[in-house]
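Before any comments, here is the structure.
The values are calculated or read from the model by the stated rules, or taken from the named source; none is laboratory data. Everything quoted here is computed from the prediction, not taken from an experiment. Note: ideal-geometry Cβ built from the backbone for every residue, glycine included; neighbour counts use all protein chains shown.
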């Protein structure tokens, strides 16, 4: 029998903390109207955080959901961005309304703002995404931007949302472009996690990486049909894949299933004013091509070449960007692109999870050649690595 008083304890540093999933997920048609009791269990004075587009869409539905429970909520706009200044203003709104629960609605930045506010106030949080453009409604992470929309840093949260409500009727009102962007963001899970996980042998990490592959294959098979038939079976499966499964993969894999070059390129591009109208998933999808091009340039990786060929065909089929020109950045000055590449290569950047060194010069070469299938001249390659 073990003597508990003398047993050796596992050091705290060896513990893993995984925020795998929301406590509850409600998904279906008219899901918001059926979520009243679940929301009421989390708080009696919710603060609804959203944007100019999402608030008018969700507010009437939420009023119906809470009407029979005699609950009232107050409303706060997260604009101009999910920034430190916005968070300060949201803190003021939460204090003024004595909010005991936070509800976030809208796209990724609005949901990130609501989640981070709830994290800082130690309040329950509900996420009501208005599109399937990201998996932000699921994850225990918030990205912080400047007021002008330039990525600054991310914050790991204590847990996933307490409640995620995925309302298919609401998601169906979003523009087609948002689901296309969501597909681009979700498919990156495979290309990044398969690299960042390295030679990991832990069961959950292996499971997460394999689920990322399943996610990729599902999107290859069903995205075109889903986009052609909004509201149909394939559409619902792709929406679930982008908004739910993509988040679950990150939860299972934890820190070893990280973002790599695709999201680093996204972060760099957010520092270009000309890129602010481009959706998150569009920049990430382009970033996958950049990552694969880097693997080809540096390693001569034939699998990366084949993967890029496959993605270019898929992108053409559903309308994801393949080049800077497709992103609307064809006329951006080279100095601005160099600045974006330098941001993406900062010491703390996720691009350094690649198994080789990446310089801004090398990254820029990949950024301008995402559809090319030829090696860099050896002398140019050496110069970039030595710069």
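Residue by residue, here is whether (1) farther than 19 Å from residue 280 by Cβ; (2) surrounded by 19 or more Cβ atoms within 10 Å (Cβ to Cβ); (3) touching a helix residue (DSSP H, G or I) at 6+ places or on another chain (Cβ under 6 Å); (4) not assigned by TED's automatic domain parsing to the domain that holds residue 279 holds:
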| site | (1), (2), (3), (4) |
| --- | --- |
| 181 | no, yes, yes, yes |
| 188 | no, yes, yes, yes |
| 201 | yes, no, no, yes |
| 205 | yes, yes, yes, yes |
| 213 | yes, no, yes, yes |
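Within the set 165, 195, 209, the sole residue that is crowded, with 18+ Cβ neighbours inside 10 Å and assigned to a strand (DSSP E or B) turns out to be 165. Picking from residues in the stretch 233-277 that are out of contact with any helix residue (DSSP H, G or I) (no Cβ under 7 Å at 6 or more places or on another chain) and free of Cβ contacts under 8 Å to residues at least 60 places away in the same chain, the one that is nearest to residue 345 (Cα to Cα) is 255. Of the helices (runs of 4 or more DSSP H) lying entirely inside the stretch 229-296, those carrying at least 2 residues that are touching a strand residue (DSSP E or B) at 6+ places or on another chain (Cβ under 8 Å) and farther than 19 Å from residue 137 by Cα are 261-269. For the stretch 325-348, which residues satisfy the criterion of being assigned to a loop (DSSP other than H, G, I, E, B) and surrounded by fewer than 20 Cβ atoms within 10 Å (Cβ to Cβ)? Once the filter is applied, which keeps residues that are assigned to a loop (DSSP other than H, G, I, E, B) and surrounded by fewer than 20 Cβ atoms within 10 Å (Cβ to Cβ), the stretch 325-348 yields 325, 326, 328, 330, 331, 332, 333, 346, 347, 348. Of all residues in the stretch 24-61, those being in contact (Cβ under 8 Å) with a residue 60 or more places away in the chain and out of contact with any helix residue (DSSP H, G or I) (no Cβ under 8 Å at 6 or more places or on another chain) number 4.
With respect to the conditions (1) part of a loop (DSSP other than H, G, I, E, B); (2) modelled with pLDDT of 95 or more; (3) at negative phi, residue 8 lacks only one, and its number is (2). Residue 65 fulfils the conditions (1) out of contact with any strand residue (DSSP E or B) (no Cβ under 8 Å at 6 or more places or on another chain); (2) crowded, with 18+ Cβ neighbours inside 10 Å; (3) in a loop (DSSP other than H, G, I, E, B) except for a single criterion, (3).
Of all residues in the stretch 117-146, those satisfying the criterion of being crowded, with 24+ Cβ neighbours inside 10 Å and part of a helix (DSSP H, G or I) are 117, 118.
Screening 99, 114, 76, 93 for residues that are modelled with pLDDT of 95 or more, touching a strand residue (DSSP E or B) at 6+ places or on another chain (Cβ under 7 Å) and part of a loop (DSSP other than H, G, I, E, B) leaves exactly one candidate, 99.
Only one of the numbered conditions (1) outside any strand (DSSP E or B); (2) surrounded by fewer than 22 Cβ atoms within 10 Å (Cβ to Cβ) is violated by residue 155, and that is (1).
Okay, residues lined up against (1) within 27 Å of residue 159 (Cβ to Cβ); (2) outside the structural domain of residue 334 (by TED's automatic domain parsing):
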position	(1), (2)
194	yes, yes
217	no, yes
222	no, yes
229	no, yes
243	yes, yes
247	yes, yes
265	no, no
271	no, no
